1. Give segment 102-127 a look and list any residue that's buried (at least 21 other Cβ atoms within 10 Å of the Cβ) and either acidic (D, E) or free of Cβ contacts under 8 Å to residues at least 12 places away in the same chain (or both), or say none.
2. Scanning for something in a loop (DSSP other than H, G, I, E, B), modelled with pLDDT under 95 and among the aliphatic types (A, V, I, L, M), does segment 241-253 turn up at least one residue?
3. Assess whether R165 counts as being surrounded by 21 or more Cβ atoms within 10 Å (Cβ to Cβ) and farther than 17 Å from A82 by Cβ.
4. Filter segment 22-39 down to the residues that are touching a residue at least 24 places away in the same chain (Cβ under 8 Å) and surrounded by fewer than 19 Cβ atoms within 10 Å (Cβ to Cβ), then identify the one that is nearest to the ligand (Cβ to nearest atom).
5. Checking T99 against (1) surrounded by fewer than 19 Cβ atoms within 10 Å (Cβ to Cβ); (2) in contact with a Gly (Cβ under 8 Å, 6 or more places away or on another chain); (3) among the β-branched types (V, I, T), which single condition isn't satisfied?
6. Which residue out of L42, L91, L62 is surrounded by fewer than 21 Cβ atoms within 10 Å (Cβ to Cβ) and either in contact (Cβ under 8 Å) with a residue 40 or more places away in the chain or near the ligand (Cβ under 10 Å from one of its atoms) (or both)?
7. Of all residues in segment 226-259, how many are touching a strand residue (DSSP E or B) at 6+ places or on another chain (Cβ under 8 Å) and more than 30 Å from P347 (Cα to Cα)?
8. Which of the residues that make up segment 128-155 are within 8 Å of the ligand (Cβ to nearest atom), among the charged types (D, E, K, R) and in contact (Cβ under 8 Å) with a residue 60 or more places away in the chain?
Amino acid sequence: MTALKDILIRRIRQTGPITLADYMAECLLHPEHGYYTTRDPLGATGDFTTAPEISQMFGELLGLALAQSWLDQGAPDSFILAELGPGRGTLMADILRATRAVKGFHEACNVHLVEASPILRNAQRAAMPDREITWCDQITDLPDAPLWLVANEFFDALPIRQFTRKGGGWAETQVGFKDDALALGLSAASPLSDLRHRLADTTDGNIVELCPAAAPITDEIATRIATHGGAAIIVDYGDWHSLGDTFQALEAHEMVDPLARPGQADLTAHVDFEPIAIAAIRTGAAASKMIEQGHLLARLGIQQRAERLAERLDGKALESHIRAFERLTSPTEMGTLFKAVAIAPAPHLLPPGFDA
Ligand code: SAH
(Lines give C-alpha, C1' and ligand atoms only; values in the text may rest on other atoms or scores of the structure.)
Protein backbone atom coordinates (compact mmCIF):
# COMPACT_ATOMS: atom_id res chain seq x y z
CA MET A 1 0.00 0.00 0.00
CA THR A 2 1.36 3.46 -0.83
CA ALA A 3 1.77 6.09 1.89
CA LEU A 4 -0.77 8.29 0.13
CA LYS A 5 -3.33 5.48 0.05
CA ASP A 6 -2.98 5.22 3.85
CA ILE A 7 -3.45 8.95 4.25
CA LEU A 8 -6.54 8.94 2.02
CA ILE A 9 -8.15 5.95 3.76
CA ARG A 10 -7.56 7.58 7.16
CA ARG A 11 -9.15 10.79 5.93
CA ILE A 12 -12.16 9.00 4.43
CA ARG A 13 -12.64 6.99 7.65
CA GLN A 14 -12.71 10.20 9.64
CA THR A 15 -14.75 12.50 7.43
CA GLY A 16 -16.45 10.38 4.78
CA PRO A 17 -16.06 9.91 1.01
CA ILE A 18 -14.29 12.63 -0.98
CA THR A 19 -15.03 14.08 -4.42
CA LEU A 20 -12.98 13.11 -7.48
CA ALA A 21 -11.62 16.67 -7.44
CA ASP A 22 -10.24 16.21 -3.91
CA TYR A 23 -8.86 12.81 -4.86
CA MET A 24 -7.15 14.16 -8.00
CA ALA A 25 -5.72 17.15 -6.15
CA GLU A 26 -4.20 14.92 -3.44
CA CYS A 27 -2.85 12.36 -5.91
CA LEU A 28 -1.28 14.90 -8.26
CA LEU A 29 -0.07 17.64 -5.93
CA HIS A 30 0.23 16.26 -2.36
CA PRO A 31 3.36 18.08 -1.09
CA GLU A 32 5.15 14.84 -0.12
CA HIS A 33 3.54 12.03 -2.10
CA GLY A 34 1.93 13.76 -5.09
CA TYR A 35 2.52 12.45 -8.59
CA TYR A 36 3.90 15.73 -9.95
CA THR A 37 5.72 16.62 -6.73
CA THR A 38 7.81 13.47 -6.74
CA ARG A 39 8.87 12.83 -10.35
CA ASP A 40 9.39 13.89 -13.95
CA PRO A 41 6.61 11.88 -15.62
CA LEU A 42 7.34 12.76 -19.25
CA GLY A 43 8.99 10.91 -22.12
CA ALA A 44 9.62 7.35 -23.24
CA THR A 45 10.78 6.19 -19.80
CA GLY A 46 7.98 8.05 -18.01
CA ASP A 47 4.22 7.65 -18.03
CA PHE A 48 3.16 9.81 -20.96
CA THR A 49 4.57 11.96 -23.71
CA THR A 50 3.38 15.30 -25.05
CA ALA A 51 3.46 17.22 -28.35
CA PRO A 52 6.53 19.36 -27.53
CA GLU A 53 8.40 16.20 -26.48
CA ILE A 54 7.49 14.54 -29.80
CA SER A 55 8.85 17.29 -32.07
CA GLN A 56 10.38 20.76 -31.91
CA MET A 57 7.95 21.78 -34.68
CA PHE A 58 5.07 22.08 -32.19
CA GLY A 59 6.79 24.76 -30.09
CA GLU A 60 8.30 26.53 -33.09
CA LEU A 61 4.93 26.99 -34.79
CA LEU A 62 3.10 28.08 -31.61
CA GLY A 63 5.99 30.43 -30.80
CA LEU A 64 5.80 32.11 -34.21
CA ALA A 65 2.01 32.40 -33.88
CA LEU A 66 2.46 34.19 -30.53
CA ALA A 67 5.17 36.44 -31.97
CA GLN A 68 2.97 37.36 -34.96
CA SER A 69 0.18 38.21 -32.53
CA TRP A 70 2.63 40.41 -30.57
CA LEU A 71 3.55 42.23 -33.82
CA ASP A 72 -0.15 42.58 -34.75
CA GLN A 73 -0.76 44.34 -31.42
CA GLY A 74 1.97 46.93 -31.98
CA ALA A 75 4.90 45.00 -30.45
CA PRO A 76 4.64 46.37 -26.89
CA ASP A 77 8.15 46.91 -25.48
CA SER A 78 7.53 44.94 -22.28
CA PHE A 79 5.28 41.92 -21.89
CA ILE A 80 4.91 38.66 -20.01
CA LEU A 81 5.60 35.48 -22.00
CA ALA A 82 4.04 32.81 -19.81
CA GLU A 83 3.43 29.09 -19.83
CA LEU A 84 1.12 27.09 -17.58
CA GLY A 85 2.46 23.67 -16.55
CA PRO A 86 5.65 23.75 -18.67
CA GLY A 87 6.73 20.15 -17.95
CA ARG A 88 10.39 19.78 -18.93
CA GLY A 89 10.51 23.29 -20.40
CA THR A 90 10.78 21.95 -23.95
CA LEU A 91 7.87 23.96 -25.35
CA MET A 92 9.11 27.28 -23.94
CA ALA A 93 12.69 26.53 -25.06
CA ASP A 94 11.41 25.86 -28.62
CA ILE A 95 9.27 29.02 -28.54
CA LEU A 96 12.29 31.09 -27.50
CA ARG A 97 14.54 29.54 -30.15
CA ALA A 98 12.01 30.02 -32.95
CA THR A 99 11.37 33.67 -32.04
CA ARG A 100 15.04 34.71 -31.84
CA ALA A 101 14.80 36.24 -35.29
CA VAL A 102 11.71 38.32 -34.44
CA LYS A 103 13.16 41.78 -33.90
CA GLY A 104 12.61 43.14 -30.38
CA PHE A 105 10.63 40.12 -29.12
CA HIS A 106 13.30 38.76 -26.79
CA GLU A 107 14.25 42.19 -25.42
CA ALA A 108 10.59 42.84 -24.57
CA CYS A 109 9.62 39.49 -23.08
CA ASN A 110 9.73 38.50 -19.42
CA VAL A 111 9.43 34.73 -19.16
CA HIS A 112 7.09 33.50 -16.41
CA LEU A 113 6.45 29.81 -15.78
CA VAL A 114 3.52 28.67 -13.63
CA GLU A 115 4.66 25.35 -12.21
CA ALA A 116 3.69 23.44 -9.07
CA SER A 117 6.39 20.76 -9.20
CA PRO A 118 9.87 21.50 -7.78
CA ILE A 119 11.33 18.63 -9.83
CA LEU A 120 9.93 19.98 -13.08
CA ARG A 121 11.09 23.50 -12.18
CA ASN A 122 14.63 22.09 -12.10
CA ALA A 123 14.11 20.49 -15.52
CA GLN A 124 12.83 23.83 -16.87
CA ARG A 125 15.88 25.63 -15.54
CA ALA A 126 18.11 23.04 -17.25
CA ALA A 127 16.24 23.44 -20.57
CA MET A 128 16.78 27.23 -20.54
CA PRO A 129 20.07 27.71 -18.63
CA ASP A 130 20.80 31.23 -19.83
CA ARG A 131 17.37 32.76 -19.64
CA GLU A 132 16.02 34.92 -16.84
CA ILE A 133 12.91 33.12 -15.61
CA THR A 134 10.35 33.93 -12.94
CA TRP A 135 8.48 30.95 -11.51
CA CYS A 136 4.97 31.35 -10.12
CA ASP A 137 3.03 28.95 -7.90
CA GLN A 138 -0.25 29.99 -9.45
CA ILE A 139 -1.70 32.08 -12.20
CA THR A 140 -2.77 34.87 -9.83
CA ASP A 141 0.95 35.56 -9.26
CA LEU A 142 1.43 36.67 -12.89
CA PRO A 143 1.98 40.45 -13.10
CA ASP A 144 -0.79 42.68 -14.41
CA ALA A 145 0.72 43.37 -17.84
CA PRO A 146 0.38 42.50 -21.54
CA LEU A 147 0.39 38.71 -21.63
CA TRP A 148 1.22 36.18 -24.32
CA LEU A 149 0.58 32.72 -22.89
CA VAL A 150 0.61 29.08 -23.87
CA ALA A 151 -0.75 26.04 -22.03
CA ASN A 152 -0.34 22.53 -23.43
CA GLU A 153 -1.77 19.61 -21.45
CA PHE A 154 -2.22 21.80 -18.38
CA PHE A 155 -6.01 21.98 -18.05
CA ASP A 156 -6.36 18.17 -18.28
CA ALA A 157 -4.41 17.88 -15.02
CA LEU A 158 -6.86 20.11 -13.14
CA PRO A 159 -9.17 18.27 -10.75
CA ILE A 160 -12.68 17.49 -11.97
CA ARG A 161 -15.98 16.66 -10.34
CA GLN A 162 -18.15 14.07 -12.04
CA PHE A 163 -21.95 13.74 -11.94
CA THR A 164 -24.45 11.12 -13.12
CA ARG A 165 -27.92 12.34 -14.09
CA LYS A 166 -30.79 10.92 -12.03
CA GLY A 167 -34.16 12.44 -12.91
CA GLY A 168 -33.89 16.21 -12.42
CA GLY A 169 -30.88 15.82 -10.12
CA TRP A 170 -27.27 14.70 -10.16
CA ALA A 171 -25.38 12.07 -8.12
CA GLU A 172 -21.70 12.84 -7.61
CA THR A 173 -18.91 10.30 -8.08
CA GLN A 174 -17.05 9.92 -4.79
CA VAL A 175 -14.02 8.03 -3.55
CA GLY A 176 -14.71 5.96 -0.45
CA PHE A 177 -13.37 2.60 0.64
CA LYS A 178 -14.56 -0.95 0.81
CA ASP A 179 -12.71 -3.96 2.30
CA ASP A 180 -9.63 -1.79 2.92
CA ALA A 181 -9.38 -0.69 -0.74
CA LEU A 182 -10.40 2.63 -2.24
CA ALA A 183 -13.68 2.33 -4.15
CA LEU A 184 -15.85 4.61 -6.29
CA GLY A 185 -19.41 5.32 -5.23
CA LEU A 186 -22.22 7.76 -5.97
CA SER A 187 -23.72 10.32 -3.61
CA ALA A 188 -27.48 10.73 -3.29
CA ALA A 189 -28.87 12.73 -6.22
CA SER A 190 -29.81 16.36 -5.78
CA PRO A 191 -30.47 19.29 -8.14
CA LEU A 192 -27.39 21.33 -8.97
CA SER A 193 -27.52 24.90 -10.25
CA ASP A 194 -24.09 24.56 -11.95
CA LEU A 195 -25.59 21.81 -14.15
CA ARG A 196 -29.03 23.27 -14.80
CA HIS A 197 -27.97 24.04 -18.39
CA ARG A 198 -27.12 20.35 -18.96
CA LEU A 199 -30.66 19.10 -18.21
CA ALA A 200 -31.68 19.95 -21.80
CA ASP A 201 -29.08 17.78 -23.54
CA THR A 202 -28.73 14.80 -21.17
CA THR A 203 -30.89 11.89 -20.10
CA ASP A 204 -30.95 9.61 -17.07
CA GLY A 205 -27.62 7.88 -16.51
CA ASN A 206 -25.56 10.36 -18.58
CA ILE A 207 -22.29 11.50 -17.02
CA VAL A 208 -21.17 15.13 -17.02
CA GLU A 209 -17.88 16.50 -15.66
CA LEU A 210 -17.09 19.93 -14.25
CA CYS A 211 -13.61 21.38 -13.78
CA PRO A 212 -14.09 23.97 -11.03
CA ALA A 213 -10.65 25.58 -11.52
CA ALA A 214 -10.87 26.03 -15.32
CA ALA A 215 -13.09 29.13 -15.38
CA PRO A 216 -11.26 31.07 -12.60
CA ILE A 217 -7.88 30.36 -14.27
CA THR A 218 -9.23 31.45 -17.66
CA ASP A 219 -10.67 34.56 -16.03
CA GLU A 220 -7.18 35.53 -14.77
CA ILE A 221 -5.66 35.05 -18.24
CA ALA A 222 -8.44 36.73 -20.22
CA THR A 223 -8.77 39.72 -17.88
CA ARG A 224 -5.08 40.56 -18.40
CA ILE A 225 -5.42 40.10 -22.17
CA ALA A 226 -8.62 42.20 -22.40
CA THR A 227 -7.09 44.97 -20.25
CA HIS A 228 -3.46 45.12 -21.39
CA GLY A 229 -3.34 43.18 -24.68
CA GLY A 230 -1.85 39.81 -25.51
CA ALA A 231 -3.08 36.36 -26.51
CA ALA A 232 -3.33 32.85 -25.11
CA ILE A 233 -3.20 29.51 -26.91
CA ILE A 234 -4.63 26.57 -24.96
CA VAL A 235 -4.08 23.06 -26.34
CA ASP A 236 -5.36 19.85 -24.78
CA TYR A 237 -7.25 16.67 -25.43
CA GLY A 238 -10.92 17.28 -25.03
CA ASP A 239 -14.02 18.58 -26.69
CA TRP A 240 -16.78 21.16 -26.72
CA HIS A 241 -19.73 20.69 -24.32
CA SER A 242 -18.34 17.37 -23.11
CA LEU A 243 -20.38 14.36 -22.18
CA GLY A 244 -19.33 11.09 -20.55
CA ASP A 245 -16.74 9.67 -18.19
CA THR A 246 -13.24 10.79 -19.22
CA PHE A 247 -11.46 10.36 -15.87
CA GLN A 248 -8.37 8.23 -16.51
CA ALA A 249 -5.02 7.11 -15.14
CA LEU A 250 -1.83 6.42 -17.09
CA GLU A 251 1.24 4.60 -15.84
CA ALA A 252 4.11 3.68 -18.17
CA HIS A 253 1.96 4.64 -21.18
CA GLU A 254 -0.77 2.15 -20.13
CA MET A 255 -4.28 2.88 -18.82
CA VAL A 256 -4.53 1.71 -15.22
CA ASP A 257 -7.15 1.72 -12.44
CA PRO A 258 -7.12 5.33 -11.12
CA LEU A 259 -7.67 4.13 -7.55
CA ALA A 260 -5.03 1.39 -7.48
CA ARG A 261 -1.87 3.37 -6.71
CA PRO A 262 -2.65 6.93 -5.60
CA GLY A 263 0.22 9.28 -6.34
CA GLN A 264 1.92 6.79 -8.69
CA ALA A 265 -0.19 7.27 -11.83
CA ASP A 266 -0.99 10.36 -13.90
CA LEU A 267 -4.65 11.29 -13.45
CA THR A 268 -6.40 13.37 -16.11
CA ALA A 269 -9.78 14.18 -17.59
CA HIS A 270 -10.63 15.49 -21.04
CA VAL A 271 -10.94 19.26 -21.19
CA ASP A 272 -14.29 20.85 -21.95
CA PHE A 273 -13.35 23.95 -23.99
CA GLU A 274 -16.85 25.45 -23.83
CA PRO A 275 -16.66 26.79 -20.23
CA ILE A 276 -13.14 28.06 -20.97
CA ALA A 277 -14.37 30.09 -23.95
CA ILE A 278 -17.39 31.32 -21.98
CA ALA A 279 -15.17 32.45 -19.07
CA ALA A 280 -12.88 34.31 -21.50
CA ILE A 281 -15.76 36.09 -23.23
CA ARG A 282 -17.27 37.07 -19.87
CA THR A 283 -14.16 39.18 -19.14
CA GLY A 284 -14.61 41.16 -22.36
CA ALA A 285 -11.94 39.24 -24.30
CA ALA A 286 -12.61 37.27 -27.50
CA ALA A 287 -12.31 33.48 -27.75
CA SER A 288 -11.68 31.61 -30.99
CA LYS A 289 -13.64 28.68 -32.28
CA MET A 290 -12.20 25.38 -31.10
CA ILE A 291 -9.88 23.88 -33.75
CA GLU A 292 -8.31 20.43 -34.03
CA GLN A 293 -4.56 20.30 -33.40
CA GLY A 294 -3.82 18.75 -36.81
CA HIS A 295 -5.80 21.46 -38.58
CA LEU A 296 -4.16 24.25 -36.55
CA LEU A 297 -0.63 22.95 -37.19
CA ALA A 298 -1.41 22.63 -40.91
CA ARG A 299 -2.55 26.26 -41.01
CA LEU A 300 0.60 27.35 -39.20
CA GLY A 301 2.73 25.64 -41.87
CA ILE A 302 3.85 22.36 -40.33
CA GLN A 303 4.13 20.72 -43.76
CA GLN A 304 6.64 23.31 -44.98
CA ARG A 305 8.54 23.29 -41.67
CA ALA A 306 8.70 19.47 -41.71
CA GLU A 307 10.06 19.48 -45.28
CA ARG A 308 12.75 22.05 -44.37
CA LEU A 309 13.88 19.98 -41.37
CA ALA A 310 13.81 16.79 -43.45
CA GLU A 311 16.37 18.21 -45.90
CA ARG A 312 19.05 17.89 -43.21
CA LEU A 313 18.09 14.36 -42.09
CA ASP A 314 18.51 10.81 -43.31
CA GLY A 315 18.23 7.22 -42.09
CA LYS A 316 16.76 6.67 -38.63
CA ALA A 317 16.61 10.41 -37.85
CA LEU A 318 14.51 11.04 -40.97
CA GLU A 319 12.21 8.12 -40.14
CA SER A 320 11.63 9.39 -36.64
CA HIS A 321 11.01 12.94 -37.92
CA ILE A 322 8.33 11.65 -40.32
CA ARG A 323 6.83 9.57 -37.53
CA ALA A 324 6.72 12.65 -35.25
CA PHE A 325 4.94 14.67 -37.96
CA GLU A 326 2.32 11.91 -38.22
CA ARG A 327 1.86 11.66 -34.46
CA LEU A 328 1.21 15.40 -34.14
CA THR A 329 -1.12 15.75 -37.12
CA SER A 330 -2.76 12.43 -38.06
CA PRO A 331 -6.49 12.03 -37.35
CA THR A 332 -5.76 8.60 -35.89
CA GLU A 333 -3.21 10.04 -33.45
CA MET A 334 -3.08 13.48 -31.79
CA GLY A 335 -4.41 15.39 -34.81
CA THR A 336 -8.10 15.27 -33.92
CA LEU A 337 -8.08 14.13 -30.28
CA PHE A 338 -6.27 17.32 -29.31
CA LYS A 339 -7.94 20.67 -29.77
CA ALA A 340 -6.97 24.31 -29.34
CA VAL A 341 -8.68 27.55 -28.39
CA ALA A 342 -7.14 31.04 -28.47
CA ILE A 343 -7.99 34.14 -26.46
CA ALA A 344 -7.29 37.71 -27.65
CA PRO A 345 -8.48 41.24 -26.88
CA ALA A 346 -10.82 41.21 -29.92
CA PRO A 347 -11.81 38.74 -32.66
CA HIS A 348 -9.65 40.39 -35.33
CA LEU A 349 -6.60 40.09 -33.03
CA LEU A 350 -6.71 36.30 -32.64
CA PRO A 351 -3.32 34.68 -33.39
CA PRO A 352 -2.76 33.20 -36.88
CA GLY A 353 -4.46 29.85 -37.41
CA PHE A 354 -7.53 30.66 -35.30
CA ASP A 355 -11.01 31.73 -36.46
CA ALA A 356 -13.39 33.99 -34.56
N1 SAH B 1 3.09 21.35 -20.92
C2 SAH B 1 4.04 20.28 -20.76
C3 SAH B 1 3.75 19.34 -19.58
C4 SAH B 1 2.34 18.84 -19.39
S5 SAH B 1 2.21 17.88 -17.91
C6 SAH B 1 4.17 19.52 -22.06
O7 SAH B 1 3.36 19.75 -22.96
O8 SAH B 1 5.08 18.69 -22.18
C9 SAH B 1 1.36 18.96 -16.81
C10 SAH B 1 2.20 20.08 -16.25
O11 SAH B 1 1.39 20.90 -15.41
C12 SAH B 1 3.37 19.65 -15.37
O13 SAH B 1 4.42 20.57 -15.56
C14 SAH B 1 2.77 19.76 -13.96
O15 SAH B 1 3.72 19.82 -12.94
C16 SAH B 1 1.96 21.03 -14.10
N17 SAH B 1 0.85 21.19 -13.17
C18 SAH B 1 -0.16 20.31 -12.95
N19 SAH B 1 -1.07 20.82 -12.09
C20 SAH B 1 -0.63 22.08 -11.79
C21 SAH B 1 -1.14 23.13 -10.96
N22 SAH B 1 -2.27 23.00 -10.30
N23 SAH B 1 -0.42 24.28 -10.88
C24 SAH B 1 0.73 24.42 -11.58
N25 SAH B 1 1.26 23.47 -12.38
C26 SAH B 1 0.60 22.31 -12.47
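The values are calculated or read from the model by the stated rules, or taken from the named source; none is laboratory data. Every value quoted in this text rests on a predicted model; they were computed, and no experiment measured them. When we count neighbours, we look across all protein chains shown, and the Cβ atoms used for this are built from the backbone with ideal geometry, even at glycine.
1. E115
2. Looking through segment 241-253, at least one residue is in a loop (DSSP other than H, G, I, E, B), modelled with pLDDT under 95 and among the aliphatic types (A, V, I, L, M).
3. When the stated conditions are applied, R165 does not pass them.
4. Selected residue: L29.
5. (1)
6. Sole residue among the options that is surrounded by fewer than 21 Cβ atoms within 10 Å (Cβ to Cβ) and either in contact (Cβ under 8 Å) with a residue 40 or more places away in the chain or near the ligand (Cβ under 10 Å from one of its atoms) (or both): L42.
7. Of the residues in that region, 14 qualify.
8. E153
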